[in-house]
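Heads up, the thing below is written out as structure tokens.
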Amino acid sequence: MKNNWNQNEANNFIKSYKQKNISKDLALRVYTTQLLGKNNKLVLHGGGNTSLKTTAKNIFGEKIDVMHVKGSGWDMGSIDSPGLPAVELDPLLKTKKLSKLNDFDMVNLQRRCLLDSKSPNPSVETLLHAFLPFKFIDHTHANAILSLIDQPNDVEICKKIFGKKMGIVPYVIPGFDLAKLAYKVFKENEKVEGLILLNHGIFTFGNTAKESYDRMIKYVTIAEKELSKYKNNILNKKNNSKKNNKLKSHIILPLIRKNLSVKNENGDYTKWIFDIRVNKNILNYLDHKNLKNFTSRGTVTPDHVIRTKSKPLILNIGNLNQVKIDYLLHKEIEKYKKNYKKYYLKNKKFEKNAIELDGNPRLIFIPNFGIVAIGRSKKEAKIAGDLAEAQVDIISKAESFGRFSSISEKEIFKVEYWPLEQAKLKTLKRAKLTSNVVVISGGCGAIGLAIAKEFLMNGAEVVLLENNSINIKNTPTDIANNCTIIKCDVTNSNNVNKAIVKIVDIYGGIDIMVSNAGAAWQGEIGKVNTKILKESFDLNFFAHQYLSQACIDIMLKQQTGGVLLFNITKQAINPGNNFGPYGIPKASTLFLMRQYTLEYGKFGIRSNGVNPDRIRSGLVSDKMIASRSKARNVSEKEYMSGNLLKEEVLAEDVGKAFLSLALAKKTTGDVMTVDGGNIQAVLR
């Protein structure tokens, strides 16, 4: 493993943090924590922590011993000094005298010891860091270490490879008991440079940030060199395994969503978001004859169970057709859930107040296709996907080196139903549209962005379809970073179908469509060129139909309902002079919306429209405002606020209207006007 310490970078950290009145030691602590966190062979999603012991002054001006330790929720790869909150050390050290300390009392103590009450909760392994008498301590779940120690003869292996340089700590769930045991092991040989925590990970320590970091890289490298002596018989096979093109993701993934989703007590579907992982290593791994055997033994490190469950669901789909795939999915997912129920009932005695979690898998392994990682959001699904890829690396090497083994089912259950995690679940609140995938055409224009903002604020996964490269480039960062943007000409049905397949590949399905793309063509209807009418119909009618057809196909496979929303315009009701080329196709779109209402309501798919008027956007440009105000013989200001409320209507008002209709569970076939009041455009 490469040692990424760079003295110039380290000096820059020291210099930069000095300007913030932050010490050299803490600056270097941040630096090496980032070095560890940026290496996904060492740290993934909270699977590690670091600390620094130093001094500070309390509110009385007294010098006290403190420890900076990684705070809960911080990513080590991008951590900053607030992510390493300081805790008073002496009260923590006094707990060494205790024989017992439950998790909640431990967390309360750690919070009371925080110098800043606004800081995040210190790591659950804070006491372990506190007990070890070193200035700098690093902890990771390094892949190579796990491949070596997830073995039946783990102690023998560690003694042979690391000798007396590393202490060996038997598996104990993180917290007070682990801290006591680790300290006991350390005291038996205080010359060790680190600790191997069996089935868990590795700690290294030193008197400087560099020394502790160097030791981490040193011992992980030793593990890697030992593993390299053994050919990886799982990943380095001589076959030419490829993704089976007959297994169509846009068929399989919506069907998986269908069979995972259930109606809750409110009549809403609990939906899931996917993250697909596929490469040569994964395909070889999934193709192995012993896949079910070695993946059913448990997780590679205990904390993964919270994200991945203890084992994946393995599906051999082969060349089955859609009906048979659906049947197989239903049967295997129900079987998985029943087995999970048995697992819960068998082990709940170990955590008596445990609230049963849902029994759905978080990883589905499909040979010749890939890994489907599952979460309630794209972020959660990506975490499960990252951990699945780590599992492929760790287990394949562990099996090639010896025989992969995990902790017992009882211990896995205790981590999955850890009271600290259960407490988080009790207070967890999902946003209104969590797990819903929303597709917005004309997504990077003024109205599209306003719509996207509303749906993002309500927890949805948002995809923006946009054909204007300038609009894509100018998308605000806060939206671009939280959406998927796909360049798509919605007047081209092939383009639309490809975009929908891509969306399904990324998220697993589609729940809400907002067909928003449009442009305004003008001209006297008796004289207008046919070419102009055709162009307007392509964008203002047929584009709505192409997108609706493609989305309906996915929604029907999912069988979890769905929402079709259309940006229609008041022109469909109240035509304006010389605006027929725009209004006529939009009037057709109004009836298109109602046709979908009529034909797909029985499937729980709602169809509604919004009639906005005079919204500043790419469509209603300064040039158009000038033209239309002239046609109506009013000033531009009067034109934009020419409604009963005498208020200009904004793009954000349209966004809120679309959101409102998306959330209106008992409304379909409706048209919501967003025009400030135009009596001529009122629907009768």
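The values are calculated or read from the model by the stated rules, or taken from the named source; none is laboratory data. These numbers were taken from a predicted model, which means no experiment stands behind them. As a convention, Cβ positions derive from the backbone with ideal geometry for all residues, glycine included, and neighbour counts pool all protein chains shown. What goes into the accessible areas is simple: the full protein's heavy atoms, side chains included, and nothing from ligands, DNA or RNA. Shrake-Rupley method; radii C 1.70, N 1.55, O 1.52, S 1.80 Å.
I'm trying to understand the selection: among the residues of the stretch 445-471, which are farther than 23 Å from residue 549 by Cβ, assigned to a loop (DSSP other than H, G, I, E, B) and either among the small types (Gly, Ala, Ser) or in contact with a helix residue (DSSP H, G or I) (Cβ under 6 Å, 6 or more places away or on another chain) (or both)?
Across the stretch 445-471, the qualifying residue is only 459.
Looking at the stretch 22-132, what helices (runs of 4 or more DSSP H) fall wholly within it and have at least 2 residues that are more than 23 Å from residue 387 (Cβ to Cβ) and open to solvent by 10 Å² or more (accessible area, probe 1.4 Å)?
Result: 24-37, 89-94, 103-112.
Is it the case that the stretch 610-622 has a residue that's farther than 18 Å from residue 447 by Cα and either open to solvent by less than 40 Å² (accessible area, probe 1.4 Å) or among the hydrophobic types (A, V, I, L, M, F, W, C) (or both)?
Step one: of the stretch 610-622, the residues farther than 18 Å from residue 447 by Cα are none.
For the stretch 610-622, residues farther than 18 Å from residue 447 by Cα and either open to solvent by less than 40 Å² (accessible area, probe 1.4 Å) or among the hydrophobic types (A, V, I, L, M, F, W, C) (or both): absent.
Exactly one condition in (1) open to solvent by 30 Å² or more (accessible area, probe 1.4 Å); (2) outside any helix (DSSP H, G or I); (3) closer than 30 Å to residue 172 by Cα is not met by residue 489; state its number.
That leaves (3) as the condition not met.
Would you confirm, using the coordinates I've provided, whether residue 273 is open to solvent by 50 Å² or more (accessible area, probe 1.4 Å) and within 25 Å of the chain's Cα centre (by Cα)?
no
Any residue that is surrounded by 13 or more Cβ atoms within 10 Å (Cβ to Cβ) and not in a loop (DSSP other than H, G, I, E, B) - is there at least one of those in the stretch 228-246?
no
Restricting attention to the stretch 285-298, which residues are within 16 Å of residue 340 (Cβ to Cβ) and open to solvent by less than 10 Å² (accessible area, probe 1.4 Å)?
295, 298
Of the residues in the stretch 305-323, how many are of a type outside the set (S, T, N, Q), open to solvent by 20 Å² or more (accessible area, probe 1.4 Å) and within 29 Å of residue 418 (Cβ to Cβ)?
The total comes to 4.
State whether the residues of the stretch 336-348 include one that is of a type outside the set (Lys, Arg), touching a strand residue (DSSP E or B) at 6+ places or on another chain (Cβ under 7 Å) and either within 26 Å of residue 286 (Cβ to Cβ) or not in a helix (DSSP H, G or I) (or both).
Scanning the stretch 336-348 turns up at least one residue that is of a type outside the set (Lys, Arg), touching a strand residue (DSSP E or B) at 6+ places or on another chain (Cβ under 7 Å) and either within 26 Å of residue 286 (Cβ to Cβ) or not in a helix (DSSP H, G or I) (or both).
Are there any pairs, at least 6 apart or on different chains, whose C-beta atoms fall under 7 Å, with the first in the stretch 324-339 and farther than 19 Å from residue 248 by Cα and open to solvent by less than 30 Å² (accessible area, probe 1.4 Å) and the second of a type in the set (Asp, Glu) and modelled with pLDDT under 95, and if so, which?
Short answer, once both residue conditions are applied: none.
I'd like the residue in the stretch 422-444 that is over 21 Å from the mean Cα position of the chain (by Cα) and part of a loop (DSSP other than H, G, I, E, B) and, out of all such residues, is surrounded by the most Cβ atoms within 10 Å (Cβ to Cβ).
Here the residue is 443.
Quick one: which helices (runs of 4 or more DSSP H) lie wholly within the stretch 589-684 and hold at least 3 residues that are in contact (Cβ under 8 Å) with a residue 24 or more places away in the chain?
The helices (runs of 4 or more DSSP H) meeting that bar are 622-631, 651-663.
Suppose we keep only residues that are over 25 Å from residue 152 (Cβ atoms) and among the polar types (S, T, N, Q) within the stretch 196-210. Which one would you say is least open to solvent (accessible area, probe 1.4 Å)?
Here the answer is 204.
Among the residues of the stretch 157-195, which ones are under 22 Å from residue 233 (Cβ atoms) and open to solvent by 30 Å² or more (accessible area, probe 1.4 Å)?
160, 161
Can you pull out every residue in the stretch 510-547 that is crowded, with 24+ Cβ neighbours inside 10 Å, out of contact with any Pro (no Cβ under 7 Å at 6 or more places or on another chain) and closer than 24 Å to residue 577 by Cα?
Listed by number, the residues that qualify are 516, 517, 518.
So residue 499 fits all but one of (1) assigned to a loop (DSSP other than H, G, I, E, B); (2) at pLDDT 95 or above; (3) within 30 Å of residue 278 (Cβ to Cβ); what number is the exception?
Unmet for residue 499, out of (1) assigned to a loop (DSSP other than H, G, I, E, B); (2) at pLDDT 95 or above; (3) within 30 Å of residue 278 (Cβ to Cβ): (1).
Return a yes/no flag: does the stretch 322-332 have any residue that is over 23 Å from residue 510 (Cα atoms), in a loop (DSSP other than H, G, I, E, B) and not aliphatic (A, V, I, L, M).
No; the residues of the stretch 322-332 include none that is over 23 Å from residue 510 (Cα atoms), in a loop (DSSP other than H, G, I, E, B) and not aliphatic (A, V, I, L, M).
When you check residue 565 against the structure, is it surrounded by 22 or more Cβ atoms within 10 Å (Cβ to Cβ) and under 14 Å from residue 595 (Cα atoms), yes or no?
The answer is yes for residue 565.
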